[in-house]
Amino acid sequence: MKIVVLVKQVPDTETNIKVGDKSINEAGVKWIISPYDEFAIEEGIRIREKSGGEVIAVSLGPDRAVEALRTAYAMGVDRAIHVKVDDYVTFDSTYTSELLANLIKAENADVVIGGRQSIDTDSSQVVVQIAERLNVPHVAMALKLEFDGNKVTATREIEGGTEVVETSAPLAVTAQKGLNEPRYPSLKGIMSAKKKPVDVKKPEELGATGSKLEVVSLEPPPPRIAGRKLEAADAQGFASQLVKALREEAKVI
Amino acid sequence: MADVLVVGELKNGELKKISKELTSAGRKIADAIGGKVHTVLITDNVDAFAGDLKAVGADAVIGANLGEFSPEGYANGIFAIIQEKKPAVVLMPHSAQGKEYSARVAIKANAGIVADAVGLSVDGGKVVAKKPIYSGKAYANFKVSSEIQMFTVRANSQEVTPKDGAGAVEKSGASAGEVRTKSISKDLSGGNKVQLADASIIVSGGRGIKGPENWPIIQDLADTLGAALGASRATVDAGWISHSHQVGQTGKTVSPNCYIACGISGAIQHLAGMGSSKYIVAINKDGDAPIFKVATYGVVADLFEVVPALTSEFKKVLG
Ligand SMILES: Cc1cc2nc3c(=O)[nH]c(=O)nc-3n(C[C@H](O)[C@H](O)[C@H](O)COP(=O)(O)OP(=O)(O)OC[C@H]3O[C@@H](n4cnc5c(N)ncnc54)[C@H](O)[C@@H]3O)c2cc1C
């Protein structure tokens with residue numbers, strides 16, 4: 001089984017984001033692997049441990065994305081490919097999915113696994129777009145994956161519950177929390193990851209046709225409606241004030 | 001041609017509010033760029049909903065009978081309608097289903113897509129979509145440069161404004177085509193309660209509720225308000241409630257009109273999921289908790305006293 005896992009580098013949630021004109025100011029930003037992609041890496045490794053084959057971690061981004069690939073190596077992937085894009089519109093899912101789908105096609109992978117969304121853009125688009133470009137089925141929000149040869153049985157989260165689906169490889173999967181518990185890289189893994197090769201691909205080599213989005217501007221979040229703390233002598237006082245505020249002032253209930 | 005195509009959504013045979021929100025938003029865009037609004041519903045019973053959608057600006061309400069939900073089947077059917085109507089703009093819900101089929105529709109139509117938009121306006125004949133990025137720490141405005149401009153839109157982010165459209169009813173012959181993922185079974189045991197994603201009111205509990213035996217206190221308030229039940233990650237990790245209730249960065253993103261946070265500290269990862277709520281109420285006994293920085297109304301008090309009092313007060317006024 002040849003498995004591609006998609007690994008995106010995103011700013012750590014606790015990081016302070018400074019908004020520039022068309023992109024953020026990256027100075028001082030701490031970068032991490034998008035949390036859902038960790039489930040993807042882990043699942044790739046588990047499939048290989050069971051069925052054999054190879055796990056290839058792919059990250060698209062500027063030079064720093066290599067750090068994410070080193071972490072994937074330390075967790076146990078077999079190969080790493082960096083799709084190096086320097087003037088990257090991080091937000092354009094169709095451009096991203098085009099580059100990645102072309103790479104995956106060339107690799108002839110059986111399974112592509114990514115996170116259910118990346119936590120910087122929250123678009124939930126790239127992996128399913130890749131499935132469409134490769135003309136293969138997909139399972140989104142996977143909570144459990146089982147392979148029997150090419151036959152795949154999966155449990156996934158749907159609105160209000162879960163669903164069991166059957167499909168077959170080649171396919172694309174998006175990982176939801178609950179799919180597995182990602183392992184911590186071992187010290188030995190971290191040491192050896194430093195020396196492992198990272199294959200670099202440029203957009204031109206992957207036949208990119210270009211971005212379909214234009215960033216008009218970035219802005220700070222809208223100011224919140226000024227908040228106020230209610231004053232009351234007891235719980236009953238708070239309750240009647242709140243009910244009044246929500247019904248008469250905010251008019252939401 | 002500058003038409004807008006809206007994809008609406010039904011649930012248990014009823015029209016979801018997002019269908020009206022998107023039709024209304026589509027009407028405003030169509031008026032600005034000079035076109036018609038077509039709202040598509042996946043149903044064999046489109047006549048039942050045409051009036052509601054006409055009243056918020058739909059010129060045509062299209063029923064497509066694509067059977068049980070499957071992302072591939074819906075994408076095939078919706079794409080067939082797009083090919084026929086040739087819209088300039090397509091609006092889809094950023095719902096669990098919408099996220100899945102929209103990705104396939106965008107590729108089929110060779111269109112750029114902005115997902116999870118919360119604001120839509122028009123500039124120079126093109127839609128400008130605003131969306132929160134980096135956990136809501138910034139907002140970005142985008143234009144889509146492809147011929148068809150596609151957007152998925154967050155529930156509760158668009159106003160519903162009455163406006164009469166022509167409301168002609170059409171039945172589409174589009175079919176689901178080949179679907180390669182087969183649904184074997186569904187477990188909807190959490191299914192009858194209000195869903196977080198489209199709830200207009202959410203009552204959430206955090207570690208401050210002390211233990212799973214105390215959920216009824218929170219649930220009573222939620223039931224009284226017809227609200228969905230949310231939870232912080234701390235309560236999910238402690239095993240007090242299932243992950244499907246988790247609000248936040250690694251849970252659900254919600255945008256209700258009113259979010260009532262009970263015993264939740266307001267960690268950045270939690271705010272990432274609910275920070276765009278219109279009104280936020282925080283009930284927390286620690287006056288310095290970060291949740292008060294975003295709360296419209298703050299109550300510094302013990303939730304075990306205030307929440308039951310609130311429930312009975314609401315019961316009184318709501319009858
Ligand atoms: C990668 C990552 C992802 C994460 N994703 C999420 C996510 O999606 N969602 C999420 O919520 N968190 C998430 N977290 C966790 C987050 O950082 C916080 O740990 C979590 O939100 C805290 O939950 P809490 O507010 O319920 O608990 P606490 O922080 O323990 O807060 C409990 C609050 O209850 C108050 N309290 C206690 N007793 C009472 C009482 N009797 N009456 C009133 N108030 C009382 C306390 O004053 C306190 O403020 C994530 C963390 C990481 C690292």
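When the charge dipole of the protein assembly as shown is built from unit charges on Cβ atoms (+1 for Lys and Arg, -1 for Asp and Glu) and taken about the Cα centre, the candidate among A:Ala40, A:Thr121, A:Asn16 whose Cα reaches farthest toward its positive end is A:Asn16. Overall dimensions of the protein assembly as shown, expressed as equivalent-ellipsoid semi-axes from the Cα gyration tensor (√(5λ), whole Å, largest first), are 36, 31, 23.
Extents of segment B:160-241, largest first, come to 55, 41, 18 Å (Cα atoms, principal axes, whole angstrom).
What does the charge count near B:Lys131 come to, summing +1 for each Lys or Arg and -1 for each Asp or Glu among other residues with Cβ under 10 Å from its Cβ?
Values: positive: B:Lys130, B:Arg154; negative: A:Asp122, B:Asp116.
Charge balance in the 10 Å sphere: 0.
Set the Förster radius R0 to 60 Å, insert the Cβ-Cβ distance between B:Asn110 and B:Glu305 as r into 1/(1 + (r/R0)^6), and round the FRET efficiency to 0.05. So, using R0 = 60 Å, E works out to roughly 0.55. Projecting the Cα atoms of B:Ser255, A:Leu99, B:Ala48 onto the charge dipole of the protein assembly as shown (Cβ charges, centred on the Cα centre) puts A:Leu99 farthest toward the positive pole.
What is the sum of charges, Lys and Arg at +1 and Asp and Glu at -1, for the other residues whose Cβ falls under 11 Å from the Cβ of B:Ala238? Show your work: numbers first, answer last.
Details: positive: B:Arg207, B:Lys210, B:Arg233; negative: B:Asp237.
Charge balance near B:Ala238 sits at +2.
Here the simple spin-label model places points 7 Å from the Cα toward Cβ, and for A:Gln236 and B:Asp288 these points are separated by 3.3 nm. Exposure check, 1.4 Å probe, all protein chains in place: A:Leu218 carries approximately 20 Å² of accessible surface. Summed over both chains, the accessible area lost when A and B associate is about 7300 Å², using a 1.4 Å probe. Rg then Dmax, both in Å and based on the Cα atoms of chain B: 20.7, 60. If you take every DSSP beta bridge whose two residues both sit in segment B:196-318, what share of them, in percent to the nearest 5, is antiparallel? DSSP beta bridges in segment B:196-318 are roughly 0 percent antiparallel. In this rough spin-label picture, where each label sits 7 Å from Cα along the Cβ direction, the A:Glu146-B:Ala238 distance is 3.4 nm. What does the C-alpha gyration tensor say about the overall shape of segment A:92-162? Classify as rounded when a/c is under 1.5, otherwise prolate if a/b is larger than b/c, or oblate. Oblate, because a/c is 1.5 or more while a/b does not exceed b/c.
How much of the accessible area of chain A, probe 1.4 Å, is carbon plus sulfur, in whole percent? Don't skip to the answer; put the middle values down first.
Numbers: 5390 of 10770 Å².
Roughly 50 percent of what the probe reaches on chain A is carbon or sulfur.
Under Stokes-Einstein, with the Kirkwood radius over Cα pairs as Rh, the value for segment A:82-216 at 10 °C and 1.306 mPa s is 95 µm²/s. Students often get this wrong: which residues of segment B:156-172 have the backbone nitrogen under 15 Å from the point 7 angstrom along Cα-to-C-beta of B:Glu84? Counting only backbone N, you get B:168-172. When Rg is the radius of gyration of the Cα atoms in segment B:16-146 and Rh is its Kirkwood radius, what does Rg/Rh come to? Ratio value, two decimals: 0.95.
Rounded to the nearest 10 degrees, the angle from helix A:93-107 to the longest Cα principal axis of chain A is 20 degrees. Each Cα pair of chain A feeds into the Kirkwood radius, which the Stokes-Einstein equation turns, at 37 °C and 0.692 mPa s, into a diffusion coefficient of 163 µm²/s. Taking GluC sites (Glu not before Pro) as exposed when DSSP calls them loop and at most 14 other C-beta atoms lie within 10 angstrom, chain B has its longest site-free stretch at B:179-319. When only the Cβ of Lys, Arg, Asp and Glu is charged (+1, +1, -1, -1), the dipole of segment B:196-318 relative to its Cα centre reaches about 220 debye. Annotation for segment A:122-208: trypsin sites (Lys or Arg not before Pro) lying in DSSP loop with at most 10 further Cβ atoms inside 10 Å of their Cβ are A:Lys194, A:Lys195.
The share of accessible area on segment B:196-318 that comes from carbon and sulfur is 52 percent, using a 1.4 angstrom probe. Using Cα pairs under 8 angstrom and six or more residues apart, how large is the relative contact order of chain B, in percent? Relative contact order of chain B: 15 percent.
The dipole here belongs to chain A: it is taken about the Cα centre, uses +1 on the Cβ of Lys and Arg and -1 on the Cβ of Asp and Glu, and is about 480 debye. Looking at chain B as a GNM with Cα springs under 10 Å, which of B:Ala32, B:Ala155, B:Ala197 has the largest mean-square fluctuation? Looking only at B:Ala32, B:Ala155, B:Ala197, the biggest GNM fluctuation is shown by B:Ala32. Relative to the 2.2 N^0.38 Å rule of thumb, segment B:40-94 has a C-alpha radius of gyration ratio of 1.15. Beta bridges per DSSP, both residues in chain B: antiparallel share near 20 percent. Here B:Trp215 sits with roughly 20 square angstrom of accessible surface, probe radius 1.4 Å. Once the Kirkwood radius over Cα pairs is known for segment B:196-318, the Stokes-Einstein relation at 25 °C and 0.890 mPa s delivers a diffusion coefficient of 178 µm²/s.
Antiparallel DSSP bridges in the protein assembly as shown: what percent, to the nearest 5? Write down the numbers at each step before the final one.
Values: 42 of 116 bridges.
Roughly 35 percent of the beta bridges in the protein assembly as shown run antiparallel, per DSSP.
Using a 1.4 Å probe, what is the accessible area per residue for the protein assembly as shown, in Å²?
Values: 22350 Å² over 572 residues.
Per-residue accessible area for the protein assembly as shown comes out at 39 Å².
With +1 on the Cβ of every Lys and Arg and -1 on the Cβ of every Asp and Glu, and nothing else charged, how large is the dipole of segment B:4-172 about its Cα centre, in debye rounded to the nearest 20?
Values: 21 positive and 18 negative charges, 116 e Å.
That gives a dipole near 560 debye.
B:Glu213 to B:Ser146: extension gain in nm, 0.36 nm per residue of separation minus the Cα-Cα distance? Before the final figure, lay out the partial values.
Working: separation 67, 0.36 × 67 = 24.12 nm, distance 5.34 nm.
Full extension from B:Glu213 to B:Ser146 adds 18.8 nm.
The long axis of helix B:71-85 is offset from the longest Cα principal axis of chain B by roughly 40 degrees.
Ranking B:Val118, B:Met92, B:Val61 by how far each Cα lies toward the positive end of the dipole of segment B:45-138 (charges on Cβ) leaves B:Val118 at the top. Specify whether the C-alpha gyration tensor of segment B:76-137 places it in the rounded, prolate or oblate class, a ≥ b ≥ c being the square roots of the eigenvalues: rounded for a/c under 1.5, otherwise prolate if a/b is larger than b/c and oblate if not. Oblate, since a/c reaches 1.5 and b/c is not below a/b. I want to make sure I understand the PRE zone here: with the label point 7 angstrom from the Cα of B:Asn65 toward its beta carbon, which residues in segment B:167-182 have backbone N atoms less than 16 Å away? Only B:170-177 fall inside the zone, counting backbone N under 16 Å.
The values are calculated or read from the model by the stated rules, or taken from the named source; none is laboratory data. Just so you know, these numbers come straight off a predicted model, no measurement behind them. Because the Cβ atoms are built from the backbone with ideal geometry, glycine has one as well, and the counts that use them run over all protein chains shown. Note: accessible area is taken over every heavy atom of the protein model, side chains too, but ligands, DNA and RNA are not part of it. Shrake-Rupley method; radii C 1.70, N 1.55, O 1.52, S 1.80 Å.
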